[in-house]
Amino acid sequence: MKSNHIVFCILIFFSAALYAQRVTNSDSVDSTASILKEKKYGIEFNPVGLLVGIANPGAIGARWYLSGGISLFAVSAHSEIAFPWTVAMGRNSHDIPLTIIKIDAAYRHYFGEQQFGLYGTGGIRYGYASGEKYIASNLRDPTGVKSVHHKFGVYVGIGYRHFWKSGWFWGVNLVVGHYVGNFPHRSGEPDLDDGPILMDAEALKIGYAF
């Protein structure tokens with residue numbers, strides 16, 4: 001189910017980015033430059049993950065899926081520093097209670113002359129997973145013993161941002177990377193992701209610059 005969710009988000013990402021690129025013109029870029037000249041920070045939130053998690057927990061493996069971030073715009077005319085985060089609480093594919101927290105630190109460089117449109121990104125991630133160990137022969141039978149899992153990863157990606165004069169903005173992004181170190185699968189313990197590969201796609205993030 002997770003792979004289907006990622007494919008869906010990738011399709012939404014490219015569709016939204018292509019559409020936004022078509023409607024973008026030089027006037028909107030100039031106005032965005034003047035907006036961000038007075039803005040130093042930004043906050044954003046992804047309502048799609050929250051709504052999907054509530055409506056269909058199996059699609060993303062969690063009942064409550066909260067995703068957002070904090071941005072620092074006063075870096076340069078065409079870059080920013082971002083701190084995305086994710087908190088997911090619910091049951092994993094084995095129906096075991098699981099809590100996941102992901103915290104990133106990322107650098108984003110816009111391909112244009114301003115902080116607007118397509119950008120490339122690179123970042124690092126800390127991941128935390130907490131749940132119950134389960135019996136390997138019966139994956140739906142938790143033992144009641146708590147298990148905690150930590151991971152560190154690096155990634156690269158691409159994204160798109162569109163700003164309005166009011167300070168509101170929206171964006172989409174896709175990142176791919178790898179968790180560093182050796183993380184062998186430990187049968188019967190909750191895991192942060194499917195394996196060492198790191199991949200996230202977010203279809204819609206809404207934010208405000210101030």
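The values are calculated or read from the model by the stated rules, or taken from the named source; none is laboratory data. Because the structure is predicted, anything quoted here is derived from the model rather than measured. Cβ placement follows ideal geometry from the backbone for every residue including glycine, while neighbour counts extend to all protein chains displayed.
Numerical summary
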{"quantity": "Residue in the stretch 40-62 that is modelled with the highest pLDDT, counting only those that are part of a loop (DSSP other than H, G, I, E, B) and exposed (fewer than 15 other Cβ atoms within 10 Å of the Cβ)", "calculated": "K40"}
{"quantity": "Looking only at the stretch 95-126, and only at residues there that are assigned to a strand (DSSP E or B) and in contact with a helix residue (DSSP H, G or I) (Cβ under 8 Å, 6 or more places away or on another chain), the one that is surrounded by the most Cβ atoms within 10 Å (Cβ to Cβ)", "calculated": "G117"}
